[in-house]
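Before any comments, here is the structure.
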Amino acid sequence: MNTLANPVPSSTSALVHPSIHPDERAAREELAACYRVFAMLGWTEMIYNHITVRLPDSVTGGEKQFLINPFGLHYSEVTASNLVKIDLQGKVLDGSSYPVNPAGFTVHAAIHDGLEGAHCVMHTHTTAGVAVACLQGGLQQTNFYTAQLHGMVAYHDFEGITIHADEGPRLLKSIGDRNAVILRNHGLLAWGQTLPQTFAILWTLQRACEIQMATFSMGQAIPVSEEIARRCTRDALQFSPEHGAGQDVFNALVRQVDRIDPSYRN
């Protein structure tokens, strides 16, 4: 988390984009919906944390640009048009008057730039996620959800507030090709080829942490064998593009958000 001196605009009204590319509009609506889903699930940390989406080449002409939440707004206030478009140096590209949190930009820019398949990056500070990140031994193979993440979880050691660009290469080395990341002493992170796929990975990781926290509070857990965990991960199809990669689950949650408040589309 980090704070900026830049004042947040007093109004949360949408920034007007009269000639926005339809692919960018679609990306903005999906990302804004995801912020509202996180708010509905309670995966918020005041005005902090970030979900980012890299814009397609049809929008950027091949430049690496991504959308991030306007710093100072709660997730429940994020809309399609107040999301901020920035480049890898954090330069605002859409005329937005909202500031960008450097603690979010630094990590997300490194991943969007360094991992070719990282279309979406999500980072949370949920109680269960931070608790497991602080636990000696981290996430342990003891429940239904951890068994679906066999060989998918990376760890990155805590280096302080993530505002220093030189941490980026070390973070990428820690991640390798693993889509579920535990930032030690810090929180959870996931990345994926699509936003729904990334959500499915993070949801599974979050659920694994919740169950572990509950289990460990009662006593010793029953371990899941390596053989069973490998089989569970192989048989779990929720991350696979051939089986929707989380699109059906994400759509169901967006329908709930629409019934509560569809203003994220604005």
For the pair residue 74 and residue 134, the simple spin-label estimate (label points 7 Å beyond Cα toward Cβ) gives in nm 2.4
The chain: Kirkwood hydrodynamic radius (Cα pairs, Å) comes out at 18.9
Cα-based Rg then Dmax for segment 106-245, in Å, read 14.7, 43
Rounded to the nearest 500, the 222 nm mean residue ellipticity computed for the chain from DSSP H runs (n ≥ 4, each -39500 (n - 2.57)) alone is -11500 deg cm²/dmol
Sorting 239, 224, 257 by the position of each Cα along the dipole of segment 223-266 (Lys, Arg +1; Asp, Glu -1; all at Cβ), the one nearest the positive end of that ordering is 257
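Kindly point out which whole DSSP H helices in the chain project their C-alpha atoms 24 angstrom or further along the helix axis while averaging a Kyte-Doolittle hydropathy of 0.5 or above. Show your work: numbers first, answer last.
On the way: long enough: 22-41 (28 Å, -0.12); 195-216 (31 Å, 0.58).
TM-like helix candidates: 195-216.
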Listed by chain and number, the lysines with an alpha carbon less than 25 angstrom from that of residue 173, same-chain partners under 8 positions apart left out, are 64
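Using a 1.4 Å probe, what is the accessible area per residue for the chain, in Å²?
Values: 12170 Å² over 266 residues.
Per residue, the chain has 46 Å² of solvent-accessible surface.
When the accessible area of the chain is split by element with a 1.4 Å probe, what percent falls to carbon and sulfur? Provide the component values of the computation, followed by the final result.
On the way: 6500 of 12170 Å².
After summing per-atom areas, the C and S share lands at 53 percent.
For the chain, what does the relative contact order come out to in percent, with C-alpha contacts under 8 Å and a separation of six or more?
Details: 473 pairs, mean separation 56.1, N = 266.
About 21 percent, as a whole number.
The values are calculated or read from the model by the stated rules, or taken from the named source; none is laboratory data. Given the structure is predicted, the values throughout are model-derived calculations rather than measurements. Note that each Cβ is placed from the backbone with ideal geometry, even for glycine, and that neighbours are counted across all protein chains shown. The protein model used for the area step is the full one, side chains on, heavy atoms only, and it has no ligands, DNA or RNA in it. Shrake-Rupley method; radii C 1.70, N 1.55, O 1.52, S 1.80 Å.
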